[in-house]
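Would you mind keeping the following structure in view while I ask a few things?
The values are calculated or read from the model by the stated rules, or taken from the named source; none is laboratory data. On a predicted model such as this, the values are computed, not experimentally measured, just so you know. Reconstructed Cβ throughout: ideal geometry from the backbone, glycine too, with neighbour counts over all protein chains shown. Each accessible area value is taken on the protein alone, full model and side chains, heavy atoms only, with ligands, DNA and RNA left out. Shrake-Rupley method; radii C 1.70, N 1.55, O 1.52, S 1.80 Å.
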Amino acid sequence: MCIRDRIKNLFEIEFACKLTNQEAPTEAPTETTEIAHKISCNIDNENIPINYLQDGIKLSLTGSIMKNSATLNRDAAYLKTVRINKLPGYLVVHFVRFFWKKAHLSAGTRAGKAKILRNVAFPKVLDMYEYCSPELQKNLEVGRNEETKQLDEETKRMLESRSKDKEEEKVPLLNKEEKKEEKEQLIADDVLNMPFGTGLDTGKYHLIGVVTHKGRYADSGHYVGWTYYKQNTWLKFDDEIVSTVKTQDMLALRGGGDWHMAYICLYRKLQVLPKVESPKAHPMTDIKPQQSILNLT
């Protein structure tokens with residue numbers, strides 16, 4: 001497989017775009033397909049304050065553009081709505097923090113590059129279901145229903161296990177909780193590293209990498225890379241210095257000041273393996289060699 005095909009399989013996003021003429025309701029909407037390798041998180045400090053990554057993504061998928069209208073024979077305002085037709089293996093999310101700031105004569109400021117320092121929280125697990133087209137949502141529902149079923153079964157087992165633990169009280173509670181947390185994290189890592197195509201897609205993604213920018217200005221500052229390692233541990237790559245940090249420290253890189261703030265987030269697709277129930281034993285298989293079928297009762 002060539003590099004171009006690998007990039008397509010791992011990073012390509014297919015968007016279904018719809019243009020609706022706001023000034024001529026009788027004009028038929030135009031539907032097109034666009035290809036991209038990232039999705040934007042627009043950050044608006046004025047009209048629609050953005051506090052969460054999910055809201056910034058939603059904002060980026062709807063907008064107004066000026067376009068020539070054959071119906072009106074002039075430029076007109078069109079509403080552009082975008083939905084996802086195809087999700088990638090790795091999802092790149094770009095925080096639109098840098099922009100061109102217009103000059104304001106009254107304020108005495110010049111035009112130039114600027115940075116939005118706003119605090120925008122991003123999740124460890126990102127659910128893209130609501131941004132998908134109805135067709136893709138229908139396909140994802142198979143995996144999501146399977147995931148819900150397995151979670152319900154796991155919750156039931158946990159409740160039964162806790163009930164037994166209270167009766168036994170042989171192992172210190174702290175050790176039990178530590179072992180439980182370790183087991184859950186190992187399961188999570190196993191699911192996270194599952195080869196693509198081996199399970200059902202759910203539309204959910206797990207955070208595995210972050211690029212941050214430190215500083216108040218677009219033309220200066222410092223970039224640092226952060227990569228998921230295992231369990232609750234991340235690696236921080238600050239030039240030649242490599243150190244470890246915890247997940248909670250990663251999720252604190254939201255912005256709002258002079259410290260590191262997320263500029264690019266990399267998420268990996270999560271899949272769910274359908275459970276294969278073991279076949280029930282047939283009555284014939286339970287018959288002993290010397291036992292007659294007539295003597296089963």
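Answer with yes or no whether Arg118 is buried (at least 16 other Cβ atoms within 10 Å of the Cβ) and under 17 Å from Met261 (Cβ atoms).
Numbers: buried (at least 16 other Cβ atoms within 10 Å of the Cβ): yes; under 17 Å from Met261 (Cβ atoms): yes.
So Arg118 passes the test.
Follow-up. Cβ-Cβ distance below 6 Å, separation of 6 or more or different chains: which pairs start in the range 259-279 with a residue that is over 30 Å from Ser40 (Cα atoms) and modelled with pLDDT under 95 and end on one that is not in a loop (DSSP other than H, G, I, E, B) and not small (Gly, Ala, Ser)?
Cβ pairs passing all conditions: Pro274/Glu146.
Is it true that some residue in the range 134-152 is closer than 30 Å to Glu46 by Cα and open to solvent by less than 60 Å² (accessible area, probe 1.4 Å)?
From the range 134-152, those closer than 30 Å to Glu46 by Cα are none; that's our starting set.
Looking through the range 134-152, none of the residues is closer than 30 Å to Glu46 by Cα and open to solvent by less than 60 Å² (accessible area, probe 1.4 Å).
Rundown of residues vs (1) at negative phi; (2) in contact with a Lys or Arg (Cβ under 9 Å, 6 or more places away or on another chain); (3) at pLDDT 90 or above, yes/no style:
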| residue | (1), (2), (3) |
| --- | --- |
| Val92 | yes, yes, yes |
| Ala107 | yes, no, no |
| Tyr129 | yes, yes, yes |
| Thr148 | yes, no, yes |
| Arg162 | yes, no, no |
| Asp165 | yes, yes, no |
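Then there's this: Can you pull out every residue in the range 199-220 that is crowded, with 16+ Cβ neighbours inside 10 Å and either on the phi > 0 side of the Ramachandran plot or not in a strand (DSSP E or B) (or both)? It would help to see each step written out before you state the result.
From the range 199-220, those crowded, with 16+ Cβ neighbours inside 10 Å are 199-215, 218; that's our starting set.
Gly199, Gly203, Gly215, Ala218 - these are the residues of the range 199-220 that are crowded, with 16+ Cβ neighbours inside 10 Å and either on the phi > 0 side of the Ramachandran plot or not in a strand (DSSP E or B) (or both).
Could you grab me the full set of residues in the range 12-53 that are open to solvent by 60 Å² or more (accessible area, probe 1.4 Å) and closer than 22 Å to Leu251 by Cα?
Of all residues in the range 12-53, those open to solvent by 60 Å² or more (accessible area, probe 1.4 Å) come to 18, 22-23, 25-26, 28-29, 31-35, 37-38, 45-49, 51-52.
Correct list: Lys38, Asn45, Pro49, Asn51, Tyr52.
Hey, another quick one. Among what's in the range 54-97 and is charged (D, E, K, R) and in contact (Cβ under 8 Å) with a residue 12 or more places away in the chain, pick the residue that is least open to solvent (accessible area, probe 1.4 Å). I'd like the intermediate steps shown before the answer.
Quick first cut of the range 54-97, residues charged (D, E, K, R) only: 55, 58, 67, 74-75, 80, 83, 86, 97.
From what's left, in contact (Cβ under 8 Å) with a residue 12 or more places away in the chain: 58, 67, 80, 83, 86, 97.
Working: Lys58: 104, Lys67: 72, Lys80: 53, Arg83: 95, Lys86: 65, Arg97: 2 Å².
Only one residue tops the list, namely Arg97.
Follow-up question, since we're still on this one. Could you tell me which of the residues Tyr223, Tyr263 is surrounded by 20 or more Cβ atoms within 10 Å (Cβ to Cβ) and not hydrophobic (A, V, I, L, M, F, W, C)? Let's see the steps before the verdict.
Working: Tyr223 fails: surrounded by 20 or more Cβ atoms within 10 Å (Cβ to Cβ).
Going through Tyr223, Tyr263 in turn, just one is surrounded by 20 or more Cβ atoms within 10 Å (Cβ to Cβ) and not hydrophobic (A, V, I, L, M, F, W, C): Tyr263.
On to the next question. Does the range 121-133 hold any residues that are surrounded by 14 or more Cβ atoms within 10 Å (Cβ to Cβ) and part of a strand (DSSP E or B), and which are they?
Ala121, Leu126, Asp127, Cys132
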